[in-house]
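The structure appears right after this line, and notes come after that.
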Amino acid sequence: MTEPGVASSDATNMELTIQPDGNEYVIEGRKWFTSGANDPRCKIMIVMGLTDSEAERHRRHSMILVPKATEGVTVMRHLPVFGYDEAPHGHAEVNFDKARVPRGNMLLGEGRGFEIAQGRLGPGRIHHCMRAIGMAERALESMCLRAKARTAFGKTIAEQGVVQAQIADSRMEIDQARLLTMKAAWMMDSAGNKAARAEIAMIKVVAPNMAQRVLDRAIQIHGGAGVTDDFGLARGWALARILRLADGPDEVHRAQIARLELRKHG
């Protein structure tokens, strides 16, 4: 879905075109942060692009299957994120230069791209937040073990009041995020994605920000070791920071939460 030439926080900006030509579709444009495109196991990509610029805003785009080996498809480069390449999966920039695929490769039908996307993005955000909470739990565990094992100024770091406050704040914030995530998951199960959209947006802001704060505290308590790869904290921090952009930036989710809240008051 993400393109280098437009502000992808508004997904309706997508400019890659998917145009019919006889029994085929012609695909023209460029994507980046394409997950898994570098993996040798990747054989088919799901590409979302513009099929009808005159249609209703959320009916302009479609999803289509594009074999990676299609003529005109070029994986331009691998995109490390905060220096981590996540090989072999990773992320890539991919160019589509008049790539042709059969019309039967269209998913569901023209104009149904956002319908498909929304079916995945709600549950996908739940999974992101679950992983963020898991990372934060691991970071807190590592923080406590490190604080009890190291001595500074005549007593263990765990006995320092400022460190105890950081540990307490981390526990409270993790449990708050977990409960909100569980509520969002329960609402999705019991009432559906649409009814849970406010809660999904809330956890998508709350969980990555919480994880980033907890990981930052853990890095600080580990000292120089925290910024190495020895404890996984630096990589965890990078992942938490990425999640504040992936599947919609914080600002977009906050705007949605505010709109839904304002509707309650006429």
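In segment 131-158, how many are free of Cβ contacts under 8 Å to residues at least 60 places away in the same chain and either in contact with a Lys or Arg (Cβ under 7 Å, 6 or more places away or on another chain) or of a type in the set (A, V, I, L, M) (or both)? Counting residues in segment 131-158 that are free of Cβ contacts under 8 Å to residues at least 60 places away in the same chain and either in contact with a Lys or Arg (Cβ under 7 Å, 6 or more places away or on another chain) or of a type in the set (A, V, I, L, M) (or both) gives 5.
Screening segment 241-266 for residues that are at pLDDT 95 or above and small (G, A, S) and picking the one that is nearest to the chain's Cα centre (by Cα) gives A255.
Here R30 meets each of (1) charged (D, E, K, R); (2) touching a Gly at 6+ places or on another chain (Cβ under 6 Å); (3) at negative phi with one exception, condition (2). Scanning segment 32-75 for residues being touching a helix residue (DSSP H, G or I) at 6+ places or on another chain (Cβ under 6 Å) and small (G, A, S) gives a total of 1. Given the condition buried (at least 19 other Cβ atoms within 10 Å of the Cβ) and over 24 Å from the mean Cα position of the chain (by Cα), answer yes or no: does some residue in segment 111-126 qualify? No, every residue in segment 111-126 fails to be buried (at least 19 other Cβ atoms within 10 Å of the Cβ) and over 24 Å from the mean Cα position of the chain (by Cα). For segment 48-90, a residue qualifies if it is at pLDDT below 95 and β-branched (V, I, T), and exactly one does: V81. On the stretch given as segment 149-201, residues that are over 23 Å from R259 (Cβ atoms) and not in a helix (DSSP H, G or I) total 8. The residues of segment 229-238 that are closer than 13 Å to V214 by Cα and touching a helix residue (DSSP H, G or I) at 6+ places or on another chain (Cβ under 7 Å), listed by number, are L233, A234, G236, W237.
Among the conditions (1) surrounded by fewer than 16 Cβ atoms within 10 Å (Cβ to Cβ); (2) without any contact (Cβ under 8 Å) to a residue 40 or more places away in the chain, G226 misses just one, which is (1).
From the list A238, A207, the lone residue that is in a helix (DSSP H, G or I), within 17 Å of the chain's Cα centre (by Cα) and surrounded by 18 or more Cβ atoms within 10 Å (Cβ to Cβ) is A207. One residue alone among D39, D52 is free of Cβ contacts under 8 Å to residues at least 60 places away in the same chain, over 25 Å from the mean Cα position of the chain (by Cα) and surrounded by fewer than 20 Cβ atoms within 10 Å (Cβ to Cβ), and that residue is D52. Of the residues screened, E93 is one that is closer than 22 Å to K43 by Cβ, at pLDDT 95 or above and under 18 Å from the mean Cα position of the chain (by Cα).
If I go through segment 10-24 residue by residue, how many of them are loosely packed, with under 15 Cβ neighbours inside 10 Å, of a type outside the set (D, E, K, R) and assigned to a strand (DSSP E or B)?
Going through segment 10-24 one residue at a time, the tally reaches 2.
Residue count for segment 96-132 satisfying the condition of being of a type outside the set (V, I, T) and either at pLDDT below 90 or under 30 Å from G232 (Cα atoms) (or both): 14.
Here A7 fulfils each of the conditions (1) of a type in the set (A, V, I, L, M); (2) surrounded by 12 or more Cβ atoms within 10 Å (Cβ to Cβ); (3) in a loop (DSSP other than H, G, I, E, B) apart from (2).
Quick one: in segment 55-80, of everything that is of a type in the set (S, T, Y) and free of Cβ contacts under 8 Å to residues at least 40 places away in the same chain, which residue is farthest from T12 (Cα to Cα)? Of everything passing the filter in segment 55-80, T70 is farthest from T12 (Cα to Cα).
The values are calculated or read from the model by the stated rules, or taken from the named source; none is laboratory data. Values in this document were obtained by computation on a predicted structure and should not be read as measured data. Glycine also receives a Cβ, built like all others from the backbone with ideal geometry; neighbour counts cover every protein chain displayed.
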